[in-house]
Amino acid sequence: MTASAKKILSYLLKASILVLTVLFVYNKLLTKNDSLQQFKVLTSAIGRNQVIYTMAVVVLLMVVNWLLESFKWQYLARKLTSITLWQAVEAVFCGLSWAIFTPNRIGEYGGRVMFLPNRKRIHGVFAMAVGAFAQNVITNLVGILASLWFVWHFLDWNIWLFVGVAAISITFLAVFLMLYFKISTLISWLDKISFLKKFRRFFDIMGRYNKDELLKVFGYSLARFFVFSFQYYLVIHLLLPTLPFFEMMMTVMVFIFIQSAMPSLDLLDIGVRSFTAMHLFLYITNQQIAIIAAVSSIWLINLIIPAIIGSVFVFKLRFFDRTA
C-alpha cells in the first residue's frame, strides 16, 4: 500500500470511529431517555445547591477514576516503552470511545494500544490484560464477599447450602488471588494448550511483572473500585438520604459484581443495569425509580461523557506507524 493510500485509509478509519461514537451517543442521549428524565424530576425536589455540589463531586471522581487508570496504564506500559502521563490519558479516553460500540468493551484494548509504537501493540494488549486482571480480582473479591453477606441477610437459604457456597467462593477467591500474584503459573498452564503455544512470547509479557509491581497495579485497581463505589453512594444518598449506609454499599458492591460478569455493550446495557439494580435494591428500598435514575446518571458520567471526551483524541491515532 502506498503512503498516500495509507494516509487516506487512516483518515477514513478515524472518521468511521468518530461517526460511530457520535451516532451511538446521539441515539442514547439526544433521543428520549426516560431514566435521565426521571433523575431530573427527582432532583427538582432537592435543594439546587445540594444537587450541584453533589454532582460536581461525582464528576470530579470520574476524572479521578480515569486518572488512576491512566497512571496504571503508564506503569504497565513502561515494560514496553516509555510514555508520558498525558499520552496515557489520551490512550485511556480514546479506548473508552472505542469501548462503547464494541461487545464487552473489547474495543478499549484496540483504542488504547494504538497509541503505542506499531511493534509494541500486540504486546500492549497483554500488558493491558494484567491491569484488567487486577481489576477483576478486586471486583470478584469484594463482590463475592458482599454477595455472601447479601444472601445471608436477605435470602432464605439452607444453612448447609450457604456454607457450601461460601466455601467454594472463598476457595475460588484464594485461587484467583494466587493466579494474579503468580501470573507465571497461569502462563505455564496456558502454554500446555497447543493452539496457544504460538502466542507464548506475548503471554511472557504478563510474566515480566514481579510481585511488587503487581501489588502496585492491584493498589491502583483497588483505589478505582472504591472511587466508583463512592460515586454510587453519593448519587443514591442524594436521592434517598434515609437509606442505611452499610446496606446501601453492600448492595452497590453486589450490583457492580453482577454487572461485571454480564456480557454488555456500553450504550445498550443501561436497561440491563437498571433491571439488575432495581431488583437488587428491592431488598432495602421500594424507591425503584430513584435507583434506576441513580444508576443511569452514573452510567452517563462514568462511561458516556469520557467516551465523548475520548473522541477528541481519535484523530491522534497512528494506524500505520512503523516505529519500533
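The values are calculated or read from the model by the stated rules, or taken from the named source; none is laboratory data. Computed from a predicted model, the values in this text were never measured in an experiment. Don't worry about glycine lacking a Cβ; one is built from the backbone with ideal geometry, like all the others, and counts go over all protein chains shown. Quick note on the areas: whole protein, heavy atoms, side chains included, nothing else; ligands and nucleic acids left out. Shrake-Rupley method; radii C 1.70, N 1.55, O 1.52, S 1.80 Å.
Restricting attention to region 53-93, the residues being assigned to a helix (DSSP H, G or I), farther than 19 Å from residue 134 by Cβ and of a type in the set (S, T, N, Q) number 2. Pairs are defined by a Cβ separation below 6 Å, a sequence spacing of at least 6 or placement on different chains, a first member in region 202-230 that is over 30 Å from residue 299 (Cβ atoms) and in contact (Cβ under 8 Å) with a residue 24 or more places away in the chain, and a second member that is in a loop (DSSP other than H, G, I, E, B) and open to solvent by 40 Å² or more (accessible area, probe 1.4 Å); the pairs so defined are 208/79.
Taking every residue in region 70-98 that is under 15 Å from residue 121 (Cβ atoms) and pairing it with any residue that is of a type in the set (Val, Ile, Thr) and outside any helix (DSSP H, G or I), at least 6 positions away or on another chain, the pairs with Cβ-Cβ distances below 6 Å are 77/83. Scanning region 145-182 for residues that are open to solvent by 70 Å² or more (accessible area, probe 1.4 Å) and of a type in the set (Phe, Trp, Tyr), we see that the one that is nearest to the chain's Cα centre (by Cα) is 172. With respect to the conditions (1) surrounded by fewer than 20 Cβ atoms within 10 Å (Cβ to Cβ); (2) at pLDDT 85 or above; (3) touching a helix residue (DSSP H, G or I) at 6+ places or on another chain (Cβ under 7 Å), residue 101 lacks only one, and its number is (2).
Of all residues assigned to region 190-206, none qualifies as being farther than 30 Å from residue 95 by Cα, among the polar types (S, T, N, Q), open to solvent by less than 70 Å² (accessible area, probe 1.4 Å) and in a helix (DSSP H, G or I). Which residue pairs have Cβ atoms closer than 6 Å, lie 6 or more positions apart in sequence or on different chains, and pair a first residue in region 304-324 that is assigned to a loop (DSSP other than H, G, I, E, B) with a second residue that is modelled with pLDDT under 60 and open to solvent by 70 Å² or more (accessible area, probe 1.4 Å)? The qualifying pairs do not exist here.
Entry remark, region 141-187: residues being outside any helix (DSSP H, G or I) and aromatic (Phe, Trp, Tyr) number 1 in total. Of the residues contained in region 110-118, none is found to be in contact with a His (Cβ under 6 Å, 6 or more places away or on another chain) and in contact (Cβ under 8 Å) with a residue 60 or more places away in the chain. Just checking, which of 76, 85, 80, 68 is within 22 Å of residue 217 (Cα to Cα) and in contact with a Phe, Trp or Tyr (Cβ under 6 Å, 6 or more places away or on another chain)? From the options 76, 85, 80, 68, the qualifying one is 68. Considering only residues of region 209-245 that are open to solvent by 70 Å² or more (accessible area, probe 1.4 Å) and within 22 Å of the chain's Cα centre (by Cα), which is farthest from residue 182 (Cα to Cα)? Top of the filtered list is 230.
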